[in-house]
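The values are calculated or read from the model by the stated rules, or taken from the named source; none is laboratory data. Given the structure is predicted, the values throughout are model-derived calculations rather than measurements. We place every Cβ from the backbone using ideal geometry, glycine too, and count neighbours over all the protein chains shown.
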Amino acid sequence: MHTETVMPPAARVGPGADVLVIGGGIIGLVTAWRAAQRGLAVAVADPEPGGGAARVAAGMLAAVTELHYGEEQLLALNLASARRYPEFVAELEEASGREVGHRSCGTLAVALDADDRAELRELHALHLRTGLDSEWLTGRECRRLEPMLAPGVRGGLRVGDDHQVDPRRLGAALVAACERAGVVFHRSFAERLTVVRDRAAGAVLADGTPVAAGQVVLAAGSLSGRLGGVPEGVLPPVRPVKGQVVRLAVPPAYAPFLSRNLRAVVRGCHIYLVPRESGELVIGATSEEQGWDTTVTAGGVYELLRDAHELLPGITELPLVETGAGLRPGSPDNAPLLGPTALPGLHTATGHYRNGVLLTPVTGEVMAELLVTGELPEAARAFLPTRFVTRPAVAGSVSGGQGAARPTATRVGAGRPGVPGTAAAGPGTGGPGAGHPAAAGAGAGGPDIPGSAAVGRGAAGPGAGGPGAGGPGAAVGAGASAAPLPR
Ligand SMILES: Cc1cc2nc3c(=O)[nH]c(=O)nc-3n(C[C@H](O)[C@H](O)[C@H](O)COP(=O)(O)OP(=O)(O)OC[C@H]3O[C@@H](n4cnc5c(N)ncnc54)[C@H](O)[C@@H]3O)c2cc1C
């Protein structure tokens, strides 16, 4: 592996850990596990390790179908991580004794109307220019692969290399692997970074306990820009980007409802459906700039079900088992911040935005290499946190005000005419569990709204959502603006 020296390896400073990782989402956990495997004494601070955005994420490993113009450098990192996945999974399952639901199923991306097809054709052209493997199919060929697709599907792309993993099981396996590797867990928030003689030297936890460490990794997801004690200009410019998802169950009698990941552009709106071997079917996702609000909204759920129904009319027969919202840690250029900061001893592993699950293997590898040798592997050099002149976190207050959220359904193209009255997942639809959402909100937002999965006809259309719908604790966000990407 080619490496670049960016700092001398840090020695352990007094009693304590070699490394303190702040944040036990999948990114902090993989960093901790890999560093511990290489002989470092590692501690993780997080009140709920294995939680975070991965509780909600769909788990597509979508280096190819997630390609966007201007993200070629990120593509290289995404592809590097995708290549590592099979070996990474084998090693993690062995180390943890748990399966992570890795499924090499490939992806089909389809289009519904002529404009959607034109958009997908553009993506195909970008794939070909970039040397990626993707094949254009007619609507009939798409339906041959996935017979449940609606007759209106106009064409699509078959991408053989975009697979899936179950992010919840990935998080649980990483916790178990860390425990077996001797990682110490402090089940608490870190409140302040400790800085001694201009060097990060650990953190003080929420209960006042100091944890000393030779090096600190800030991996607190969308909250990474809010840690106390980090000097101005060093805080990573990470913001929360809310995503809502719906989980259905495919009863054995209907299986296989879908046999690969399905992505689509439905009248300008992006949507995906990820079918797990367990029978779970994840439909996602909105993309909303709402601060730390994790409210599940009627409008968000309605739009997902409406578009999924246009694609796969049979979904209205499936039990609705869960709705949820999570926060992607977004960065200004949609790429992660990996490596040393301007403060000696402090590194970041954050800003993975919509690709954190995909980027888990490569992140663990490069961060462990940095922590052990002081050298940042070449694969990560384009993603140094110091590429940004940083300002304090951009979104609003975590504690937020009353009725401040202005919920908007902000998937790409929301605002184009929808199909009224097509979502029919109301109470009584499907079998057991229908209408009883167990919303799994992540992050520090407000409570989810009970009963919000009961979406009926006449629910809010594109871009709708009444004022004041955020519950107490909903954040005063940076304002609702349509984010460019769907997950
Ligand atoms: C709806 C949705 C769909 C997604 N789909 C996909 C997908 O299909 N494929 C993909 O690759 N990615 C996907 N993602 C993105 C992926 O889930 C994230 O990029 C990834 O989970 C980020 O992990 P993280 O560990 O950096 O942050 P988080 O998951 O946010 O974890 C951060 C952790 O830090 C802890 N923490 C915060 N502050 C502190 C503190 N001060 N002290 C201690 N602990 C702290 C939190 O408790 C949390 O556990 C999706 C995300 C969402 C929301």
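The conditions are (1) outside any loop (DSSP other than H, G, I, E, B); (2) more than 12 Å from the ligand (Cβ to nearest atom), and R98 fails exactly one of them. Which is it?
(1)
Given (1) near the ligand (Cβ under 10 Å from one of its atoms); (2) hydroxyl-bearing (S, T, Y); (3) assigned to a loop (DSSP other than H, G, I, E, B), where does S81 come up short, assuming only one miss?
Condition not satisfied by S81: (3).
Criterion first (modelled with pLDDT under 95, surrounded by fewer than 22 Cβ atoms within 10 Å (Cβ to Cβ) and touching a helix residue (DSSP H, G or I) at 6+ places or on another chain (Cβ under 7 Å)) does P392 satisfy it?
Answer is yes for this residue.
Yes/no matrix, rows are residues, columns are (1) out of contact with any Gly (no Cβ under 7 Å at 6 or more places or on another chain); (2) more than 17 Å from L343 (Cβ to Cβ):
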position: A201; (1), (2): no, no
position: Y272; (1), (2): no, yes
position: G284; (1), (2): no, yes
position: T295; (1), (2): no, yes
position: D307; (1), (2): yes, yes
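Give the residues of segment 208-236 that are without any contact (Cβ under 8 Å) to a residue 40 or more places away in the chain and farther than 15 Å from V44 by Cα, sorted by residue number. I'd like the intermediate steps shown before the answer.
Let us first name the residues in segment 208-236 that are without any contact (Cβ under 8 Å) to a residue 40 or more places away in the chain, namely 208-210, 228-229.
G208, G228, G229 - these are the residues of segment 208-236 that are without any contact (Cβ under 8 Å) to a residue 40 or more places away in the chain and farther than 15 Å from V44 by Cα.
Return the only residue of R144, R140 being loosely packed, with under 14 Cβ neighbours inside 10 Å, under 15 Å from S259 (Cβ atoms) and modelled with pLDDT of 95 or more.
Values: R140 fails: under 15 Å from S259 (Cβ atoms).
Every option except R144 fails the conditions.
Kindly establish whether R55 is basic (K, R), at pLDDT 95 or above, within 18 Å of A349 (Cβ to Cβ) and more than 6 Å from the ligand (Cβ to nearest atom).
Details: basic (K, R): yes; at pLDDT 95 or above: yes; within 18 Å of A349 (Cβ to Cβ): no; more than 6 Å from the ligand (Cβ to nearest atom): yes.
Criteria not met by R55.
Among T295, T286, which is the only one that is within 17 Å of the chain's Cα centre (by Cα) and farther than 25 Å from E66 by Cβ? Working first, answer last.
Details: T286 fails: farther than 25 Å from E66 by Cβ.
Criteria check complete, one pass: T295.
Looking only at segment 58-67, count every residue that is within 6 Å of the ligand (Cβ to nearest atom) and either of a type in the set (S, T, Y) or in a loop (DSSP other than H, G, I, E, B) (or both) and tell me the total. Spell out the reasoning first.
Just the residues of segment 58-67 that are within 6 Å of the ligand (Cβ to nearest atom), to begin with: 58-60.
Those left that are additionally either of a type in the set (S, T, Y) or in a loop (DSSP other than H, G, I, E, B) (or both): 58-59.
Looking only at that region, the number is 2.
For the condition touching a strand residue (DSSP E or B) at 6+ places or on another chain (Cβ under 6 Å) and among the aliphatic types (A, V, I, L, M), what is the one hit in A76, A111? Don't jump to the end; show me each part of the working.
Values: A76 fails: touching a strand residue (DSSP E or B) at 6+ places or on another chain (Cβ under 6 Å).
Within the list A76, A111, the selection yields A111.
Determine, yes or no, whether V30 is under 29 Å from A206 (Cα atoms), modelled with pLDDT of 95 or more and assigned to a strand (DSSP E or B). Spell out how you get there, then give the answer.
Details: under 29 Å from A206 (Cα atoms): yes; modelled with pLDDT of 95 or more: yes; assigned to a strand (DSSP E or B): no.
No, not satisfied.
Could you check how many residues of segment 101-118 are crowded, with 16+ Cβ neighbours inside 10 Å and not in a loop (DSSP other than H, G, I, E, B)?
Residues flagged as crowded, with 16+ Cβ neighbours inside 10 Å and not in a loop (DSSP other than H, G, I, E, B) within segment 101-118 amount to 8.
Can you tell me how many residues within segment 160-207 are within 14 Å of the ligand (Cβ to nearest atom), of a type in the set (K, R) and more than 17 Å from V21 (Cα to Cα)?
Total satisfying the criteria: 2.
What residue, among those in segment 310-331 that are of a type in the set (S, T, Y) and farther than 30 Å from E72 by Cβ, is surrounded by the most Cβ atoms within 10 Å (Cβ to Cβ)? Working first, answer last.
Start the filter on segment 310-331 by keeping residues that are of a type in the set (S, T, Y), which leaves 316, 323, 331.
Within this subset, residues satisfying the condition of being farther than 30 Å from E72 by Cβ are 316, 323.
Details: T316: 18, T323: 29.
Looking at residues that are of a type in the set (S, T, Y) and farther than 30 Å from E72 by Cβ, I get T323.
Just a yes or no: is a residue in segment 189-200 within 23 Å of the chain's Cα centre (by Cα) and of a type in the set (D, E, K, R)? Give the steps one after another, and end with the answer.
From segment 189-200, those within 23 Å of the chain's Cα centre (by Cα) are 189-190; that's our starting set.
Filter once more, keeping what is of a type in the set (D, E, K, R): none.
No, segment 189-200 contains no residue that is within 23 Å of the chain's Cα centre (by Cα) and of a type in the set (D, E, K, R).
If you scan segment 332-350, which residues turn out to be touching a strand residue (DSSP E or B) at 6+ places or on another chain (Cβ under 9 Å) and either of a type in the set (V, I, T) or surrounded by fewer than 22 Cβ atoms within 10 Å (Cβ to Cβ) (or both)? Outline the logic, then answer.
Here is the first cut: in segment 332-350, the residues touching a strand residue (DSSP E or B) at 6+ places or on another chain (Cβ under 9 Å) are 332, 336-341, 343-350.
Selection gives P332, P340, T341, L343, P344, T348, T350.
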